[in-house]
Amino acid sequence: MGKTIKEISVALNEAQKYQAWMKEIEEDGRAGVQKVWKQWNNRMEKEKKKQEEHDSKVKFDASFLSSAEQLLAGIDEAGRGPLAGPVVTAAVILPKNCEKFLGINDSKQLTKKAREEFVSIIKEHALAYAIHFQSAKVIDELNIYEATKQSMKKSVENLGICPDFCIVDAMQLPIEIPQSSIIKGDAKSLSIAAASILAKNARDEYMEQLHEKYPVYGFDQNAGYGTKQHLEALEEYGYIEEHRKSFEPIKSMVEAKKERVLI
């Protein structure tokens, strides 16, 4: 008597690669068996794609170094566009053996749960990492581009190890270390993707804490971005210290307030 569909399903769930005994399953005419066989093949295809993407990112990072002893730092940011809160940057130096980071991708492509899991892995296994918060006040003083650049510079300087080369997501930094600016770097580089995860997770946590203090703006849902609910709350309650006064519509609100004071 052959195996039940449930027994076959359990065996396939435990299998990580094609094995000789699976030929019998391929030829099994039962619809239920073919269904679990198709599911297993789809899972293997996804795993294969994930491995290929990982290998491509590792190869991309290695292309910037002239020897296996050299170290690469990936740098990225989170929060350039929101109306409130800091811009957060991160720099990460990953080890040569990167299999533990399989599945790391641009932080925007990952679920919150996946980001949180990867944050733990990155912090445990990275050779060095640093996270820097640039306040709304500094953003208003410098402008968002310059504030982000200066924050990235601080992240690199705060690394416990000095890298031999830096790759930065779409930015050129005022640092002495050789560097390259990479457009859509978080989709091409494992190091930049890891930095993007650290930066986004740290910023999301900050905005969730800010929500506890100012719940009317919905920072736990919008992370400071100008959603309809956030804009309506601004209209009704006005702005707070954490709002960026150089960003519209807050800039106009600040100017209107000044005019009222002068009258």
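Read-outs: derived from the displayed coordinates by stated rules, not from any lab. On a predicted model such as this, the values are computed, not experimentally measured, just so you know. So basically every Cβ, Gly included, is an ideal-geometry build from the backbone, and we count neighbours across all protein chains shown.
For the chain, what does the alpha-carbon gyration tensor say about shape, rounded, prolate or oblate, given a ≥ b ≥ c as the root eigenvalues, a/c under 1.5 as rounded, and a/b over b/c as prolate? Let's see the in-between values first.
Numbers: a/c = 3.51, a/b = 1.66, b/c = 2.12.
Oblate shape, in that a/c is at least 1.5 and b/c is the bigger or equal ratio.
Work out from phi, with θ = phi - 60° and the Karplus expression 6.51 cos²θ - 1.76 cosθ + 1.60, the ³J(HN,Hα) of each residue of region 69-85, listed in order in whole Hz, and give x for Gly and Pro.
So the J values, rounded to whole Hz, are 7, 6, 10, 10, 10, x, 10, 8, 9, 9, x, 6, x, x, 7, 9, x.
May I ask for the angle, rounded to the nearest 10°, between helix 190-213 and the longest principal axis of the chain, with both axes built from Cα atoms and the value confined to 0 to 90°?
So the inclination is approximately 60 degrees.
Only four residue types carry charge here, +1 at the Cβ of Lys and Arg and -1 at the Cβ of Asp and Glu. Report the dipole size of the chain about the Cα centre in Debye, rounded to the nearest 20. Mind showing how you got there, number by number?
Numbers: 38 positive and 41 negative charges, 103 e Å.
Dipole of the chain, to the nearest 20 debye: 500 debye.
Determine the sum of side-chain charges near GLY32: Lys and Arg each +1, Asp and Glu each -1, restricted to other residues whose C-beta is under 14 angstrom from that of GLY32.
Details: positive: LYS3, LYS6, ARG30, LYS35, LYS38; negative: GLU7, ASP28.
Charge balance in the 14 Å sphere: +3.
SER252: net charge of surrounding residues, Cβ under 12 Å, Lys/Arg +1, Asp/Glu -1, itself excluded?
That works out to 0.
What is the angle, in °, between the Cα long axis of helix 228-237 and the longest principal axis of the Cα atoms in the chain? Nearest 10 is fine, range 0 to 90.
Computed tilt is about 30 degrees.
Once you charge only the Cβ atoms, +1 for Lys and Arg and -1 for Asp and Glu, what is the size of the charge dipole of region 73-219 about its Cα centre, to the nearest 20 debye?
On the way: 17 positive and 19 negative charges, 40 e Å.
The calculated dipole for region 73-219 is roughly 200 debye.
Just to confirm the number: angle between the C-alpha axis of helix 144-157 and the first principal axis of the chain, 0 to 90 degrees, nearest 10?
With both axes taken from Cα atoms, the answer is about 60 degrees.
So how do 138-147, 199-208 stack up, highest first, on mean other-Cβ count within 10 Å?
On the way: 138-147: 17.0, 199-208: 21.5.
My ranking of the peptides, most packed first, is 199-208, 138-147.
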